[in-house]
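What follows is a set of notes on a single structure, which appears directly below.
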Amino acid sequence: IPYVRSVTIGFWVNVGSRDETFDLNGITHFLEHMVFKGTKKYSASQIAKRIEAYGGYLNAFTGKENTCFYGKVLDKHLDKAIDVISELILAPLLKQKDIEKEKLVILEELKNIEDDPEDLINDVFDKSLYGDHSLGYPVVGRAKNIEQFLRSELTMYLQQHYIPKNIVVAAAGNVLHDELVRQVEKRFKNIGLGNGTVLERVTPKLSSKGKYIEENKPIQQAHVSLGTHSFGIKSKYRYPLVVMNTLLGEGMSSRLFQNIREKYGFAYSIFSFVNLMGDCGNFGVYIGTNKENVKFSIELIQKELLKLKNKQVSKAEIDRTKEQVKGSMMLSQESTTNRMMRLATGEIYFNSFSTLDEITGRIDTVTSDDVFEVANKILDIDNFITVVFSPTKN
């Protein structure tokens, strides 16, 4: 993008919380933290200053399937971002004293999640939906595991997964492709292919049994998340699902917002969500509401879901929603960070790059029949997992 002055670059490692065992749950996220504590070339302080001194920023996140280290810098400082991030991946020190200190930091992060019911309910929902499968593990991990992680475990995990075959580098902004390749090759040229692990993931078995889970919490508002299994990112139903999710629960014009917030005033926050992974996914609805309104709110949500199953959406509403999906996607691409992420996920899941025109073309092909078919495939209320955080009296 030659008319901007920035570049966002991300190094994506193909490992996430779903690749952990029960006893090592949280180690992917822990390792993401630890690489910032110092490398052979830079101390923790130098890592931070190396980018921020030039007005840029450095960050990272761990998901269910990937770990991403990324930075945004002025175009003339791209070499500094590549230098620092490649150091994080290739040469972290993982000192024992830093490991013990970071345990305290991540335990505080865990408490932060516990204090945020809208965040915590996602972990409980995933656990209820996926059971003992690793997709049900919390990304941050469990306190018991965090307290016990050893340097030897972190080192082995790094050697297993942080190998060239498992890494994708993506960049967007005022960057020349050949120059980027040259700089990345320079830092990886002496790195062998490694004897690590190229992952083969086990798809979770889908349960057809619904559940209702209620937990009492010392909170002011009830939080509800209800949903079910859905499709993976490679599914032919991906775009009909996205359109259905948007018209149901994304934005002020969505059915859920108009009915439950505008008509009844039951919620400040209500939305539907879709999570797409390589081989599976999930769909659901979240609402925060008064404890006395939980039962009726769930009934109203279920009523909207059944409408999608029992009556086809009009062409006018489908067309409006498709324009909303396309417009939102195109506006997001004004961010070099979002562009970088789209490039990376395309490479990771499809080994290819799809232009905006190609993606909008696929959205344009979605019909009312397609949405109706998707709704009837996944919106079986009897199969839904419902999680409720209920305020205690005290």
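Which of the trypsin sites (Lys or Arg not before Pro) found in the stretch 85-193 are loop residues per DSSP with 15 or fewer other Cβ atoms within 10 Å of their Cβ?
95, 142, 189
Long-range amide H contacts for residue 230: which residues qualify at under 5 Å (H placed 1.01 Å from N, peptide plane, sequence gap of 5 or more or a different chain)?
Long-range HN contacts for residue 230: 281, 282, 283.
Work the Kirkwood hydrodynamic radius out for the stretch 62-140: mean of 1/r over every pair of different alpha-carbon atoms, inverted, in Å.
Mean inverse Cα-Cα distance, inverted, gives 15.6 Å.
What residues have an amide H closer than 5 Å to that of residue 213, excluding those fewer than 5 places away on the same chain, when H is modeled at 1.01 Å from N in the peptide plane?
HN-HN under 5 Å from residue 213: 386, 387, 388.
Determine ³J(HN,Hα), in whole Hz, for all residues of the stretch 27-36 in sequence, where each value follows from phi through the Karplus function 6.51 cos²θ - 1.76 cosθ + 1.60 and θ = phi - 60°; x replaces Gly and Pro.
6, 4, 5, 4, 5, 4, 5, 5, 5, 7
Determine the calculated [θ] at 222 nm for the chain from helices alone, applying -39500 (n - 2.57) to every DSSP H run no shorter than 4 residues and normalising by the residue count; nearest 500 deg cm²/dmol.
It comes out at -14000 deg cm²/dmol, rounded to the nearest 500.
Tell me, what is the per residue accessible area of the stretch 246-394 in Å², probe radius 1.4 Å?
Ligands and nucleic acids excluded, the figure is 49 Å² per residue.
With a cap of 15 neighbouring Cβ atoms within 10 Å, and only residues DSSP puts in a loop, list the chymotrypsin sites (Phe, Trp or Tyr not before Pro) found in the stretch 345-394.
In loop regions of the stretch 345-394 (DSSP not H, G, I, E or B), the sparsely surrounded chymotrypsin sites (Phe, Trp or Tyr not before Pro) are 353.
With θ set to phi - 60°, apply the Karplus curve 6.51 cos²θ - 1.76 cosθ + 1.60 along the stretch 69-78 and write out the HN-Hα couplings as whole Hz, x wherever there is a Gly or Pro.
Per-residue couplings from phi come out as 10, 9, x, 10, 9, 5, 3, 6, 10, 4 Hz.
Reachable lysines from residue 303, Cα under 19 Å, same-chain residues fewer than 8 places away excluded?
211, 263, 295, 311, 377
Between the DSSP loop rule and a limit of at most 14 other Cβ atoms within 10 Å, which GluC sites (Glu not before Pro) in the stretch 1-74 are left?
none
Which percent, to the nearest 5, of DSSP beta bridges fully inside the chain are antiparallel?
85
Could you run the Karplus curve 6.51 cos²θ - 1.76 cosθ + 1.60 with θ = phi - 60° over the stretch 295-302 and give me ³J(HN,Hα) per residue in whole Hz, x for Gly and Pro?
Working through the residues one at a time gives 4, 5, 5, 4, 4, 5, 4, 4 Hz.
For the stretch 142-199 and the stretch 64-80, compute the distance between their C-alpha centroids and round to whole Å.
Taking the Cα centre of the stretch 64-80 as reference, the centre of the stretch 142-199 is 13 Å away.
Considering only protein heavy atoms and a 1.4 Å probe, what is the carbon-and-sulfur percentage of the accessible area of the chain?
Of all accessible area on the chain, carbon and sulfur atoms account for 51 percent.
Just how large is the dipole of the chain about the Cα centre, in debye to the nearest 20, putting +1 at every Lys and Arg Cβ and -1 at every Asp and Glu Cβ?
With only Lys, Arg, Asp and Glu charged at Cβ, the dipole is about 320 debye.
So what is the diffusion coefficient of the stretch 127-279 in µm² per second by Stokes-Einstein at 4 °C and 1.567 mPa s, using a Kirkwood Rh over Cα pairs?
Estimated via Stokes-Einstein, D reaches 63 µm²/s.
Just one of (i) 25.2; (ii) 19.5; (iii) 20.5 is mean projected area of the Cα convex hull in nm² as worked out from the coordinates here. Which one is it?
Computed from the coordinates, mean projected area of the Cα convex hull in nm² corresponds to (iii).
Rolling a 1.4 Å sphere over the protein heavy atoms, what is the accessible area per residue of the stretch 42-106, to the nearest Å²?
Accessible surface, normalised per residue, equals 42 Å².
The values are calculated or read from the model by the stated rules, or taken from the named source; none is laboratory data. Remember, predicted model here, so these are calculated numbers, not experimental data. Cβ atoms come from the backbone with ideal geometry, glycine included; neighbour counts cover every protein chain shown. These accessible areas exclude ligands, DNA and RNA; they are computed on the full protein's heavy atoms, side chains included. Shrake-Rupley method; radii C 1.70, N 1.55, O 1.52, S 1.80 Å.
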